[in-house]
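This report concerns only the one structure given below.
The values are calculated or read from the model by the stated rules, or taken from the named source; none is laboratory data. Bear in mind the structure is a predicted one, so any value in this text is a computation, not a measurement. Note: ideal-geometry Cβ built from the backbone for every residue, glycine included; neighbour counts use all protein chains shown. Ligands, DNA and RNA are stripped out before the accessible areas are found, and what is left, the full protein with its side chains, is counted by its heavy atoms. Shrake-Rupley method; radii C 1.70, N 1.55, O 1.52, S 1.80 Å.
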Amino acid sequence: LAAPGLRSWQTLSPLERSAFWLAAHTAPWKELDSWALTPVVTDNQAFMTENMEDPLVQGDIRIDVFYGVVRFMDRAWTSLDRLNLSTLVLYGDKDLVIPCELVERFNIGLAAQNRPGRTYAQYPNGYHLLLWDNEADRVLDDIASWIESPDTPLPSGLGRPLGGPVCPAPLKAVS
């Protein structure tokens, strides 16, 4: 799961849930410019430029489609306990789309199941689109290695068991 989609109803604030529900039920056909709404998702500017200019890449997203995606992610959260497979979770420190608190909660939920073959890797220079970032080769090498042998350390050295902290420790005030 590279930069897993973890935005579900339970992770949205009451104001976000209310506004989103209202928009989806009063103007579902309304399109939002996804490029304008998206924070920086990669450090690969050539990739972004190419995709923004590509007529085959969806730039606008209808509210009802986005609503459906959030409902889908909600089902993923509620089905977490049924995930019985080896799992590789990848996350970038610079991901502005998925908050680290959600990834941490997700990792703790998976770790609680105590199943083998589960690895977490966090990339210091990684953004939301890890597989297209400028350091994508490092991520892809880790994925290929993990597929071959889920219990072998990742080539990047960034792999660790699920369940540990994801978010940086808060800074302490100096007196």
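Using amide H atoms built 1.01 Å from N in the peptide plane, name the residues 5+ places from Arg118, or on other chains, whose amide H lies under 5 Å from its own.
HN-HN under 5 Å from Arg118: Thr87.
Just to confirm my numbers, what's the Cα centroid distance between region 131-147 and region 69-121 in Å?
The two parts, judged by their Cα centres, are 18 Å apart.
Compute the distance in nm between two label points, each set 7 Å from the Cα along the Cα-to-Cβ direction, one at Arg17 and one at Ile147.
Output for this residue pair reads 3.9 nm.
Once a ≥ b ≥ c are taken as the square roots of the eigenvalues of the Cα gyration tensor of region 1-80, is the result rounded (a/c under 1.5), prolate (a/b larger than b/c) or oblate (a/b not larger than b/c)? All intermediate terms of the calculation are to be shown ahead of the outcome.
On the way: a/c = 2.20, a/b = 1.38, b/c = 1.59.
Because a/c hits 1.5 or more and a/b fails to exceed b/c, region 1-80 counts as oblate.
When ligands, DNA and RNA are left out and all protein chains stay put, how many square angstrom of accessible area per residue does the chain have with a 1.4 Å probe? Could you put the intermediate results ahead of the total?
Working: 10760 Å² over 175 residues.
Value for the chain: 61 Å² per residue.
Once you list every other residue whose beta carbon is under 15 Å from the beta carbon of Val89, what net charge do they have if Lys and Arg are +1 and Asp and Glu are -1? Spell out each step's value before the answer.
Values: positive: Arg105, Arg115, Arg118, Arg160; negative: Asp93, Asp95, Glu101, Glu104, Asp142.
Charge balance in the 15 Å sphere: -1.
Highest first, please rank the peptides 87-93, 15-21, 138-144, 70-76 by the mean number of other Cβ atoms sitting within 10 Å of their residues.
87-93, 138-144, 70-76, 15-21
Helix 14-26 versus the longest principal axis of the chain: what is the Cα-based angle in degrees, 0 to 90, to the nearest 10?
Rounded to the nearest ten degrees, it is 50.
Between Asn114 and Arg160, what is the spin-label point distance in nm, taking each point 7 Å from the Cα along the Cα→C-beta axis?
Output for this residue pair reads 2.1 nm.
Treating only the Cβ atoms of Lys and Arg (+1) and Asp and Glu (-1) as charged, compute the dipole magnitude of the chain about its Cα centre; round to the nearest 20 debye.
On the way: 14 positive and 22 negative charges, 185 e Å.
Dipole magnitude for the chain comes out near 880 debye.
Ignoring ligands, DNA and RNA, please state the percent of accessible area on region 1-159 from carbon and sulfur, probe 1.4 Å.
Working: 5370 of 9320 Å².
Reported share for carbon and sulfur atoms: 58 percent.
Can you give the helix-only mean residue ellipticity at 222 nm for the chain, where every DSSP H stretch with n ≥ 4 adds -39500 (n - 2.57) and the sum goes over all residues, rounded to the nearest 500 deg cm²/dmol? Working shown, then result.
Working: 6 runs with 67 residues, N = 175.
Roughly -11500 deg cm²/dmol at 222 nm, from the helical runs in the chain.
With springs only between Cα atoms under 10 Å, which of Leu83, Leu96, Leu130 fluctuates most in a Gaussian network model of the chain?
Comparing Leu83, Leu96, Leu130 in the GNM, the peak value goes to Leu83.
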